[in-house]
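These notes are about the structure you will find just below.
The values are calculated or read from the model by the stated rules, or taken from the named source; none is laboratory data. Nothing here was measured: the structure is a model prediction, and the numbers come from that model. Neighbour counts run over all protein chains shown; Cβ positions are idealised from the backbone, glycine included.
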């Protein structure tokens, strides 16, 4: 159940609980309660938008609370987010603006967002992109994610990721062809995917995503803000410009 739906049900349950408690406390007589119910029913019949407005307000409040909590989590786990030297890096490794992105190798939106990231990094030479591989789409995503981390051990993370995104490789053999075509030592890759380093890195990424409340990809962190989903090139450039303004102000 999504958070929004959960909020709707919670709101409805709260209204029901209030009415029940009001009746239990015998604030009104039976006749008064009946009269109030008739008035409310007539009002809602003539103004159904009132229910929608109330639910919308509850949703907005819940979403605002989620944003606040997400920001607190980012601040709390800042070292794990930005300070992990084992994470692959794209763009300018020495850039002053860091964007941390969680991607699944088989996620279509991740593929599109990676194109956005590359285009923006080509224009903004101060952008450092930190990659967190996060498999959420099943067994093949997990296997491909392990291979991505193993590719990073050969300094070929971006090349291998780009090959995966550009292809329709759905199994290990097809992915190994991509690895070979992108200059990886395939035999070493087969060995490295079983290593403790790869297992630990994937576990660290998954654990970090969990405490941050990330349950889908792509998701990215810029400053203290967690953004779920992708944004287009124009909006990402605006977000980066805003970050730079904050740093210089």
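Of the candidates 121, 144, 169, the single residue that is out of contact with any strand residue (DSSP E or B) (no Cβ under 7 Å at 6 or more places or on another chain) and either at pLDDT 95 or above or under 22 Å from residue 229 (Cα atoms) (or both) is 144. Any chance you could count how many residues in the range 81-111 are surrounded by fewer than 17 Cβ atoms within 10 Å (Cβ to Cβ), touching a helix residue (DSSP H, G or I) at 6+ places or on another chain (Cβ under 7 Å) and not in a loop (DSSP other than H, G, I, E, B)? Residues in the range 81-111 being surrounded by fewer than 17 Cβ atoms within 10 Å (Cβ to Cβ), touching a helix residue (DSSP H, G or I) at 6+ places or on another chain (Cβ under 7 Å) and not in a loop (DSSP other than H, G, I, E, B): 0 in total.
The helices (runs of 4 or more DSSP H) falling completely within the range 123-222 that include 3 or more residues that are in the same structural domain as residue 234 (by TED's automatic domain parsing), farther than 30 Å from residue 239 by Cα and free of Cβ contacts under 8 Å to residues at least 60 places away in the same chain map to 139-152, 172-181, 186-192, 196-212.
Selection over the range 84-114 of residues that are without any contact (Cβ under 8 Å) to a residue 12 or more places away in the chain and under 19 Å from the mean Cα position of the chain (by Cα) gives a count of 1.
Against the test of being more than 19 Å from residue 114 (Cα to Cα), over 24 Å from the mean Cα position of the chain (by Cα) and surrounded by 20 or more Cβ atoms within 10 Å (Cβ to Cβ), the options 176, 184 yield a single qualifying residue, 184. Check off (1) farther than 17 Å from residue 222 by Cβ; (2) assigned by TED's automatic domain parsing to the domain that holds residue 191 for residue 65 and give me the number that stays unchecked. Of everything listed in (1) farther than 17 Å from residue 222 by Cβ; (2) assigned by TED's automatic domain parsing to the domain that holds residue 191, residue 65 misses just condition (2).
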